[in-house]
Amino acid sequence: MKIIASLSVIDPDEVRKGQELNIGLPDAEEQSIDIPRSVAYIPLINSHDHLVGNWVPRAGDQRPYANSHIWVEDMKNSFSFQERSKFWLNDGSFDLLDPAALTVARLGAYKNLFSGCGTVHDHAPLQKDEYYDAMPIIVPRLYRQGHSITMGNWWGGDTPEQEMEQSNGTMPFVIHLGEGTDEITKGEFARLKEHGMLKDNTLLIHGIAFTPPEIAEIAKVGASLCWCPSSNYYLLGKTLDIAAVLEHKANVVIGTDSTMSGGVNLIAEFATIREHYPQIPASELYRMVTQNAVKALRLHKRYGALDPENTQNLLLIDQIEKDPFENLMELEMKGIQLLLVDGLPRYGDSWLLDLFPDADAEYTIFRTGNREKFVIGDPLEINDQIDAALGYHKDFPFLPF
Ligand SMILES: [Zn+2]
């Protein structure tokens with residue numbers, strides 16, 4: 001079966017009108033379904049989140065912080081941390097297969113699903129396969145990580161140096177770096193290099209403290225940078241020197257961080273960027289959350305561009321704006337018509353689920369605005385479990401119900 005969106009964004013440099021997209025369902029009649037006022041994209045990629053950290057409101061009473069290491073300690077006193085502890089107490093072991101931890105992590109994955117992400121990178125010590133298998137979208141498991149150069153792997157895993165070794169040059173090595181405005185964070189880039197951890201598979205998160213020459217060096221090595229402006233402005237009042245990043249053509253991706261410090265979701269991240277950097281074209285932001293992320297996270301190239309011949313991955317949304325990239329900036333949770341990841345529908349308008357009679361998954365139906373939606377699994381049940389533990393209703397702004 002084929003569907004035809006009004007516009008199909010093949011990649012940041014190519015948009016087609018009236019393109020048939022083969023969503024790969026057996027269909028003897030070779031049927032094509034026209035979906036008016038819709039735009040097709042490849043699902044988005046959020047390159048930085050901490051899935052268990054998706055609680056609200058944001059934490060941090062002593063802002064702005066000179067560096068995030070102070071916040072990591074201070075946030076333990078926050079309302080959010082303490083409220084979440086009534087549901088899941090983080091005993092420091094970071095065993096996220098603990099049932100309550102897994103439930104919170106799945107909630108965080110749904111945050112990403114409802115904002116059009118087919119993939120989210122979860123920065124945490126590496127978990128067992130069952131953790132990644134339990135998620136409603138792709139959470140890559142082929143990575144190695146360090147929390148930061150200053151704090152090391154306080155949250156588990158081997159030392160950052162050992163993890164870099166284990167990355168074998170083939171997996172991304174993810175580490176927070178330069179997340180601050182003080183001397184400590186300004187010195188972190190040099191320390192990273194001294195420890196042999198600046199390589200082409202390195203993904204540096206934040207980089208607020210980086211100077212233009214350091215950014216040039218990152219570009220030269222072929223490493224990647226993850227920009228998380230909402231979290232940065234909130235905690236530190238400053239963000240990455242994105243002008244230098246674009247000038248030096250470093251590979252840059254976008255991350256939300258968790259809602260303990262970041263904005264509501266990736267859609268909110270776009271809004272923050274547009275507010276502060278209206279001069280960056282929307283098509284460049286699309287590149288950051290698709291092709292650039294595929295490179296940084298070493299994902300298969302099928303996650304970086306729409307494939308009309310075999311459309312296993314698709315984000316179909318309402319058309320509000322003429323320009324498809326500007327249109328993406330206007331995305332709303334309820335405006336997602338279909339999120340298809342690896343051939344399996346994950347979220348969208350109920351009538352579109354009917355096109356997939358053989359979809360091998362459990363779905364939940366709910367209403368948002370005047371639309372009936374389906375979603376894979378049961379995030380309403382997650383919210384109910386949390387409500388039961390707290391004894392009152394907890395509202396998460398990244399859930400559309
Ligand atoms: Zn982070």
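The values are calculated or read from the model by the stated rules, or taken from the named source; none is laboratory data. As the structure is a prediction and not an experimental result, all values here were calculated from the model. As a convention, Cβ positions derive from the backbone with ideal geometry for all residues, glycine included, and neighbour counts pool all protein chains shown.
For the stretch 165-205, taking the residues that are among the hydroxyl-bearing types (Ser, Thr, Tyr) and more than 16 Å from the ligand (Cβ to nearest atom), the one that is nearest to HIS50 (Cα to Cα) is identified as SER167. Within the stretch 82-101, the set of residues being at pLDDT below 95 and closer than 19 Å to LEU390 by Cβ comprises LEU89, ASN90. Scan the stretch 13-29 for residues that are at pLDDT 95 or above, touching a Ser or Thr at 6+ places or on another chain (Cβ under 7 Å) and not in a strand (DSSP E or B) and the total you get is 1.
The test for being at pLDDT 95 or above and over 20 Å from GLY108 (Cβ atoms) holds for ARG302. Answer yes if at least one residue in the stretch 242-251 is within 17 Å of ASN46 (Cβ to Cβ) and more than 16 Å from the ligand (Cβ to nearest atom), and no otherwise. Yes: one or more hits. Mind checking which residues of the stretch 256-266 are more than 13 Å from the ligand (Cβ to nearest atom) and either of a type in the set (Ser, Thr, Tyr) or crowded, with 24+ Cβ neighbours inside 10 Å (or both)? Of everything in the stretch 256-266, those that are more than 13 Å from the ligand (Cβ to nearest atom) and either of a type in the set (Ser, Thr, Tyr) or crowded, with 24+ Cβ neighbours inside 10 Å (or both) turn out to be ASN265, LEU266. Residues being more than 16 Å from SER230 (Cα to Cα), β-branched (Val, Ile, Thr), over 19 Å from the mean Cα position of the chain (by Cα) and not in a strand (DSSP E or B) are entirely absent from the stretch 41-63. Considering the stretch 334-367, the residues that are hydroxyl-bearing (Ser, Thr, Tyr) and within 17 Å of LEU107 (Cβ to Cβ) include one that is surrounded by the fewest Cβ atoms within 10 Å (Cβ to Cβ), namely THR364. How many residues does the stretch 211-237 hold that are within 16 Å of the ligand (Cβ to nearest atom) and closer than 30 Å to ASP61 by Cβ? The total comes to 12. In the set (1) at positive phi; (2) touching a helix residue (DSSP H, G or I) at 6+ places or on another chain (Cβ under 6 Å), the condition left unmet by THR272 is number (1). Highlighted here are the strands (runs of 3 or more DSSP E) found entirely within the stretch 344-393 that include at least 3 residues which are among the hydrophobic types (A, V, I, L, M, F, W, C) and modelled with pLDDT of 95 or more: 371-376. All conditions in (1) under 29 Å from LEU314 (Cβ atoms); (2) away from the ligand (no atom under 16 Å from the Cβ); (3) modelled with pLDDT of 95 or more hold for PHE79, with the sole exception of (1). Checking ILE242 against (1) closer than 20 Å to THR211 by Cα; (2) buried (at least 21 other Cβ atoms within 10 Å of the Cβ); (3) of a type in the set (A, V, I, L, M), only one condition comes out false. Which one? Among (1) closer than 20 Å to THR211 by Cα; (2) buried (at least 21 other Cβ atoms within 10 Å of the Cβ); (3) of a type in the set (A, V, I, L, M), ILE242 violates only (2). Of all the listed residues (ALA124, ALA101, ALA105, ALA109), the sole one being under 26 Å from PHE173 (Cβ atoms), in contact (Cβ under 8 Å) with a residue 60 or more places away in the chain and of a type in the set (A, V, I, L, M) is ALA124. Scanning the stretch 30-62 for residues that are more than 16 Å from the ligand (Cβ to nearest atom), modelled with pLDDT under 95 and within 24 Å of LEU236 (Cβ to Cβ) yields ASP61, GLN62.
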